[in-house]
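Notes follow once the structure below has been shown.
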Amino acid sequence: MTQTDVLVVGAGPTGLTLACDLARRGVAVRIIDRAPEFPRGSRGKGLSPRSLEVFDDLGVIEPMLAAGATHLRHRKYRGAEVVAEVDPEAGVVPTPDRPYPTGLMIPQWRVEQLLRERLADFGVAVELDAELRGFDQHADGVTATVGQSRIQARYLVGCDGGRSTVRKALGLSLRGHTPDVQLMAVGDVEVDGLGRDAWHQWFTGDGAIMLCPLPGTDAFQVQASHEVDQDGAPLEPTLARFQQTFDRVAAVPGVRLRDLTWRSSYRVNVRMVDQLRVGRVFLAGDAAHVHPIAGGLGMNTGVQDAYNLGWKLGLVLAGHATPSLLDTYEEERLPIASWLLDITSERLDAVLDAIKHTGGGVDAVAAPELSQLTLGYPWSRLSVRAASPAAGVRPGDRAPDATLRDPVTGSPVRLFDLFRGPHFTLLGLGERGGAAPNCAETALVTSYLVGPGGLLDADGHAARAYGTGALVLVRPDGYVGLVADAAQPQAVAGYLRSL
Ligand SMILES: Cc1cc2nc3c(=O)[nH]c(=O)nc-3n(C[C@H](O)[C@H](O)[C@H](O)COP(=O)(O)OP(=O)(O)OC[C@H]3O[C@@H](n4cnc5c(N)ncnc54)[C@H](O)[C@@H]3O)c2cc1C
C-alpha cells in the first residue's frame, strides 16, 4: 500500500488547481483520473477575472494569457445579415486594483494542459487509467481502492465531476432540480466560410446555433439545439446533424462544418450537496454543485473551491493549524455554491428572454458578479476585525491589487507580487503600520510597511484600497483575514494562533 498526504480524485480544472496549490506547499499529493487519456473537448471556454488572479498566484498566468483571447465580439445574424454586433467587455481596461478585468476565452482542455505543466514543475504527474472504486475512513486517514491497488492518504478530495464516485460513496446527493429546458448539443468543429473574429450566433423560432472560435486552435465550439426524431426525441449530435441545424437555422450559403473532434449533449441541472466534508473526505467543483452554463462559472467555481481548500490542508498537514480550520472550507464555500445556482439560473433566464428578440444573444448573460471579483467571505469565522471600522477593505473581502514603488530602486511593485506564494501577507499601512508581531506563528507571514520608511504608495492606490493606520492580514488565498489597528500587532499573533 502506498502513502500520501492528499489523494486528489479527478484531474479536471478543480483537481489540477488543488494539486498545484498543495504541491507548491511541499504537501505530498497524488492526483488520479480514471480516463485513459487527457480530454481534448473544449467544454468550458472562459476563465473569470478571479480565476486569472488565482492562476497569477499559482505562477501560471503568463501561459494562460498567451493561450487565450479577450474582447471577442458577439455577432448576431438573421440568415447572412448581421443584425447586431457587440463586444460585451468594450471599454473594460486594467486598473491598479484589477489587473485582469475581463474574462479570458480559452478552451478547458488547454487550461488543464497548462495546469498539468505547472504541476510537473513540482514533480507531480496525473496518474491516468486510475479509477477510484471506493474508500474507507479511519482515525488517521483514508484507505482508497484505486484500480487493483490501495492508497493510504491522510485526506481525500473528490474533484471527480458531476457523477462523482466520492460523493456517492459518502452517501451525499445533489439536491435541487432539473428544469424543463431543452438539451443543447455541443461539439468542436472546423468551419469553412466564417471568420474567427467573432462568436457567431443565430436564434430563430426553429432553433439556435452558435459558433465560437477557440483561441490557439483552428476549431470552433458549436452549441446548437438538438435535431429530433419524428417523435420529438433528441438525436445524438453528429457532424451531419450540426450541419443540418446550421442549414436550417442559419442558412448561410457556403458555410461548411467539418472535422468534428468532440461532441456531447448538455442538460441543465441546478443541484448541490448540503455538505462539503465528511471526516477526512472533501468534495470540490462539479462533484459538489452543477448548474446552468450561463455565465461560464463551472470551471471557475471549481478552481476557487480548490484554492480555498488548498492552503487550509497545507497548514493543517504542516501542523500550523488544527483540523478544525478545515471546517471553514464548507462554511465559506457552501454559501458560494448556493449563490452560484441562483445567479446562473437567473442569467440563463436573461439569455433565454433576450434571444426572443432580434439582436439578442448570449451577451445578455452579462452581470458584474460573474467576474467573481466581488465574492468574499464576510460571514466566515476567519474574517476578523480588531479595529474600529474605517475606509478600505473589510475582513472577508478579496484583497485588491495596488501598485507601489520600491523606495530604493524606484521600480514598481504590485501587491499581487507580494501576495504570490503560499504565505500570509501582513500590510502595515501608514506611519505606524508595519510593527510586525513577534511570535512563532509569524513564520507563516511576510510583512510589509506601506508608507514612510517602507514601500512607497506614490499614487495612493494602496491607501484607497486598504485605508491607512491599519494592519491588514491577507490570507494565502488572497482574502482579507484580519483588519487590526496599527497599534495592535498582537492581534495578528492572536489570529494566527486561533487557526
Ligand atoms: C458546453 C459546456 C460549456 C461550458 N462552459 C463553461 C465556461 O465557459 N466556464 C466555466 O467555468 N465552465 C464551463 N462549463 C462547465 C465546466 O466544464 C465544468 O464545470 C468543469 O469541467 C468542472 O470541473 P471539475 O474539475 O470539477 O470536474 P470535471 O472537469 O468533470 O473533471 C472530473 C474528472 O474526474 C474524473 N473522474 C470521475 N470519476 C472518477 C473516478 N471514480 N476515479 C478517478 N477519476 C474520476 C473524470 O474522468 C474527470 O477527468 C461548461 C461545460 C460545458 C459542457
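Among the criteria (1) closer than 22 Å to residue 122 by Cα; (2) surrounded by fewer than 22 Cβ atoms within 10 Å (Cβ to Cβ), the one residue 75 does not fulfil is (1).
For region 28-54, filtering for residues that are under 16 Å from the mean Cα position of the chain (by Cα) and outside any loop (DSSP other than H, G, I, E, B) leaves 8.
Applying a threshold of 8 Å to beta carbon distances and a minimum spacing of six or more residues, or different chains, the list of pairs starting in region 125-139 at a residue that is without any contact (Cβ under 8 Å) to a residue 40 or more places away in the chain and ending at one that is part of a strand (DSSP E or B) and more than 9 Å from the ligand (Cβ to nearest atom) reads 133/145; 134/144; 134/145; 136/142; 136/143.
Out of region 393-418, which residues are assigned to a strand (DSSP E or B) and either touching a helix residue (DSSP H, G or I) at 6+ places or on another chain (Cβ under 7 Å) or closer than 11 Å to residue 466 by Cβ (or both)? Across region 393-418, the qualifying residues are 403, 404. Filtering region 283-301 to residues that are crowded, with 24+ Cβ neighbours inside 10 Å, under 18 Å from residue 17 (Cα atoms) and either of a type in the set (Gly, Ala, Ser) or near the ligand (Cβ under 8 Å from one of its atoms) (or both) leaves 284, 285, 286, 287, 288, 297, 298, 299, 300, 301.
When each of 154, 163, 118, 133 is tested for being crowded, with 18+ Cβ neighbours inside 10 Å and under 24 Å from residue 39 (Cβ atoms), the lone residue that passes is 118.
A single member of 436, 458 is out of contact with any Lys or Arg (no Cβ under 8 Å at 6 or more places or on another chain) and modelled with pLDDT under 85, and it is 436.
Among the residues of region 177-194, those that are more than 15 Å from the ligand (Cβ to nearest atom) and at pLDDT 95 or above comprise 190, 191, 192, 193, 194. Every listed requirement among (1) in contact (Cβ under 8 Å) with a residue 12 or more places away in the chain; (2) within 30 Å of residue 301 (Cα to Cα); (3) not in a helix (DSSP H, G or I) is met by residue 163 save one, (1).
Among the conditions (1) modelled with pLDDT of 95 or more; (2) within 14 Å of the ligand (Cβ to nearest atom), the only one that residue 174 does not satisfy is (1). Note on region 142-168: residues that are touching a strand residue (DSSP E or B) at 6+ places or on another chain (Cβ under 8 Å) and either at positive phi or within 9 Å of the ligand (Cβ to nearest atom) (or both) total 9. The residues in region 368-397 that are out of contact with any Asp or Glu (no Cβ under 7 Å at 6 or more places or on another chain) and at pLDDT below 80 can be counted, and the count is 4. Looking across region 1-56, the residues that are more than 8 Å from the ligand (Cβ to nearest atom) and touching a Gly at 6+ places or on another chain (Cβ under 7 Å) come down to 8, 18, 21, 22, 25, 27, 31, 49, 53.
Residues checked against (1) aromatic (Phe, Trp, Tyr); (2) out of contact with any Cys (no Cβ under 7 Å at 6 or more places or on another chain); (3) assigned to a helix (DSSP H, G or I):
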site	(1), (2), (3)
8	no, no, no
14	no, no, yes
17	no, yes, yes
26	no, yes, no
56	no, yes, yes
62	no, yes, yes
74	no, yes, no
85	no, yes, no
88	no, yes, no
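Taking residue 208, is it touching a helix residue (DSSP H, G or I) at 6+ places or on another chain (Cβ under 7 Å), outside any loop (DSSP other than H, G, I, E, B) and not β-branched (Val, Ile, Thr)? It is true that residue 208 is touching a helix residue (DSSP H, G or I) at 6+ places or on another chain (Cβ under 7 Å), outside any loop (DSSP other than H, G, I, E, B) and not β-branched (Val, Ile, Thr). Within the set 404, 426, the sole residue that is of a type in the set (A, V, I, L, M), buried (at least 19 other Cβ atoms within 10 Å of the Cβ) and either in the same structural domain as residue 328 (by TED's automatic domain parsing) or over 18 Å from residue 496 (Cα atoms) (or both) turns out to be 404. Going through (1) under 23 Å from the mean Cα position of the chain (by Cα); (2) within 13 Å of the ligand (Cβ to nearest atom); (3) not acidic (Asp, Glu) one by one, residue 237 falls short only on (1). Is there a residue in region 337-352 that is at pLDDT 95 or above, surrounded by 19 or more Cβ atoms within 10 Å (Cβ to Cβ) and hydrophobic (A, V, I, L, M, F, W, C)? No, there is no match, as no residue in region 337-352 is at pLDDT 95 or above, surrounded by 19 or more Cβ atoms within 10 Å (Cβ to Cβ) and hydrophobic (A, V, I, L, M, F, W, C).
The values are calculated or read from the model by the stated rules, or taken from the named source; none is laboratory data. As the structure is a computational prediction, the values presented were derived from the model and not from experiment. Positions of Cβ are generated from backbone atoms using ideal geometry, with glycine treated the same way; all protein chains shown enter the neighbour counts.
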